[in-house]
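Below: the structure, in structure tokens.
The values are calculated or read from the model by the stated rules, or taken from the named source; none is laboratory data. None of the values given here were measured: they were computed from a predicted structure. With ideal geometry, Cβ positions are generated from the backbone for all residues, glycine too; neighbour counts draw on all protein chains shown.
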Amino acid sequence: MKIYADNAATTKMSKTAIDTALYYMENVFGNPSSLYTTGQKAKEELEKARAEIACIIGAEPREIIFTSGGSEADNQALLSAAEIGKRKGKKHIISTAFEHHAILHTLKKLEKNGFEVTLLPVHENGIVRPDELEAAIRDDTILVTVMTANNEIGTLQPVNEIGRICKAHGVIFHTDAVQAVGHVHIDVNKDNIDMLSASAHKFHGPKGTGFLYARKGIALTNLIEGGAQERGKRAGTENLPAIMAMAAALKEASENIDKNAENMIKVRNRIIDGLSAIPHSALNGDKEKRLPGNVSFCFEGIEGESLLILLDRKGVSASSGSACTSGSLDPSHVLLAIGRIHDVAHGSLRLSLGENATEEEADYIVSAVKEVVEYLRSFSPVWRDLTEGKKEFIL
Ligand SMILES: *Cc1c(COP(=O)(O)O)cnc(C)c1O
């Protein structure tokens with residue numbers, strides 16, 4: 001059996017998205033900035049995509065800027081808020097310890113430039129507490145940036161409450177919703193979200209395309225200077241085929257959110273129940289408040305990397321922590337943030353299911369993981385120390 005269970009790293013483009021991209025490559029090649037009809041046709045289509053995407057998240061078309069993906073949107077959101085802060089003499093930013101590196105590394109850069117950053121704890125369940133967030137707000141706080149859903153452990157954050165608190169205190173609220181858009185319902189007005197980042201390749205659109213939503217009135221800072229595209233806020237000829245494909249993919253995903261979630265939750269819970277039977281293992285993050293397709297586990301006494309390689313041989317593509325950190329020896333900052341110690345964090349597994357996952361696949365995954373974990377433990381020195389009582393079990 002071949003099972004792709006790494007949809008949090010990237011998704012396969014949907015048939016609709018591929019057909020859309022091909023159509024625009026073949027038929028609408030004009031430059032949206034050109035004045036003749038071939039260009040204006042492209043411009044018209046581009047604005048249609050913008051309106052469609054805006055409508056899906058409850059925004060206005062002019063509040064959407066197309067970017068090269070989630071990382072760019074995150075960078076632009078944070079640097080824009082920082083510029084606004086500079087003008088107002090505000091230099092404090094609040095975020096969480098388990099954000100994506102596109103956020104955390106940008107915050108590091110801002111710290112070097114005189115900003116102060118408070119990273120809130122996310123506790124054992126992987127969820128930030130609104131009362132702690134409110135208590136951290138100062139007179140000079142300009143921005144709160146908290147992700148909608150975590151990319152490793154899938155936990156959903158109380159975005160609605162955070163939005164309400166930020167609004168009451170006059171603080172800009174940005175959310176990295178890259179894992180959430182197309183998977184859970186989002187309404188930027190209901191949730192008082194001022195800025196939001198999304199990426200097409202996380203919802204069956206093409207890679208290298210995404211968008212930033214910025215509420216009207218929020219002055220954006222350019223990352224890329226040049227022509228007047230995107231209302232002067234993001235220069236460069238628009239990637240029309242990719243943008244059209246993104247809009248088509250998002251429309252398809254959004255129309256099926258509830259149906260897809262229902263199926264994935266059923267399969268996800270079956271895997272969680274199955275893996276929980278493995279001794280000295282634990283689910284990472286809250287069992288209910290998580291993305292429909294996310295399963296994240298730690299197994300004591302093994303290395304996540306070996307687990308992945310052996311699962312791959314059994315046809316299962318999975319991940320251990322985020323794709324960006326694999327290849328480094330540091331354990332995932334996300335797992336450390338929820339209190340996993342280094343040894344335990346090293347034995348992690350993330351399965352992120354596709355919309356069409358089946359119970360049969362769930363059973364296959366569970367038995368494959370069981371087999372591999374048992375096998376790896378059979379010659380693991382750490383496991384031997386644990387079973388001989390030289391080291392204490394944590395899980
Ligand atoms: C994938 C991801 C990103 C980066 O998006 P790209 O389009 O790959 O740049 C940012 N944040 C989160 C939470 C992600 O999962």
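Here are the numbers for the structure shown:
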{"quantity": "Of all residues making up segment 90-123, the number that are in a loop (DSSP other than H, G, I, E, B) and charged (D, E, K, R)", "calculated": "3"}
{"quantity": "Test: residue in segment 141-164 that is assigned to a strand (DSSP E or B) and over 25 Å from H185 (Cβ atoms)", "calculated": "yes"}
{"quantity": "N192 being polar (S, T, N, Q) and in contact with a Phe, Trp or Tyr (Cβ under 8 Å, 6 or more places away or on another chain)", "calculated": "yes"}
{"quantity": "Residue within segment 247-267 that is away from the ligand (no atom under 16 Å from the Cβ), free of Cβ contacts under 8 Å to residues at least 40 places away in the same chain and in a loop (DSSP other than H, G, I, E, B) present", "calculated": "no"}
{"quantity": "Number of the exception - E355 against (1) closer than 23 Å to H123 by Cα; (2) touching a helix residue (DSSP H, G or I) at 6+ places or on another chain (Cβ under 9 Å); (3) in contact (Cβ under 8 Å) with a residue 40 or more places away in the chain; (4) not polar (S, T, N, Q)", "calculated": "(1)"}
{"quantity": "Considering residues of segment 217-228 that are more than 16 Å from the ligand (Cβ to nearest atom) and under 19 Å from L79 (Cα atoms) only, the residue surrounded by the fewest Cβ atoms within 10 Å (Cβ to Cβ)", "calculated": "G217"}
{"quantity": "Candidate set from segment 135-161 (those that are crowded, with 16+ Cβ neighbours inside 10 Å and more than 30 Å from S319 (Cα to Cα)); member that is nearest to the ligand (Cβ to nearest atom)", "calculated": "L143"}
{"quantity": "Cross-chain or 6+ apart pairs with Cβ under 7 Å, segment 192-203 first and in contact (Cβ under 8 Å) with a residue 24 or more places away in the chain and of a type in the set (G, A, S), then part of a helix (DSSP H, G or I) and near the ligand (Cβ under 9 Å from one of its atoms)", "calculated": "S197/G70; S197/A73; S197/D74; A198/G70; A198/A73; S199/G70"}
{"quantity": "Single residue of R62, R50 found to be surrounded by 22 or more Cβ atoms within 10 Å (Cβ to Cβ), basic (K, R) and away from the ligand (no atom under 16 Å from the Cβ)", "calculated": "R50"}
{"quantity": "Selected residue [of a type in the set (G, A, S), surrounded by 24 or more Cβ atoms within 10 Å (Cβ to Cβ) and within 16 Å of the ligand (Cβ to nearest atom)] from A200, A214", "calculated": "A200"}
{"quantity": "Only one of I103, I57, I53 that is more than 30 Å from E132 (Cα to Cα) and either free of Cβ contacts under 8 Å to residues at least 12 places away in the same chain or of a type in the set (V, I, T) (or both)", "calculated": "I53"}
{"quantity": "Residue list for segment 169-179, restricted to those being part of a loop (DSSP other than H, G, I, E, B) and within 16 Å of the ligand (Cβ to nearest atom)", "calculated": "A177, V178, Q179"}
{"quantity": "N256 at pLDDT 95 or above, surrounded by fewer than 17 Cβ atoms within 10 Å (Cβ to Cβ) and not small (G, A, S)", "calculated": "yes"}
{"quantity": "Hits in segment 380-395 - residues which are of a type in the set (D, E, K, R) and surrounded by 12 or more Cβ atoms within 10 Å (Cβ to Cβ)", "calculated": "R384, D385, K391"}
{"quantity": "Matching option when the condition is surrounded by 15 or more Cβ atoms within 10 Å (Cβ to Cβ) and touching a helix residue (DSSP H, G or I) at 6+ places or on another chain (Cβ under 6 Å), among A102, A77, A73, A81", "calculated": "A102"}
{"quantity": "Selection within segment 91-112 - of a type in the set (G, A, S) and more than 10 Å from the ligand (Cβ to nearest atom)", "calculated": "S95, A97"}
{"quantity": "Filter pass, G126 being surrounded by 20 or more Cβ atoms within 10 Å (Cβ to Cβ) and either at pLDDT below 95 or assigned to a loop (DSSP other than H, G, I, E, B) (or both)", "calculated": "yes"}
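For (1) within 16 Å of the ligand (Cβ to nearest atom); (2) outside any helix (DSSP H, G or I); (3) within 16 Å of F66 (Cα to Cα), each residue gets a yes or a no:
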residue: K167; (1), (2), (3): no, no, no
residue: V181; (1), (2), (3): yes, yes, yes
residue: I186; (1), (2), (3): yes, yes, no
residue: K207; (1), (2), (3): yes, yes, yes
residue: R231; (1), (2), (3): no, no, yes
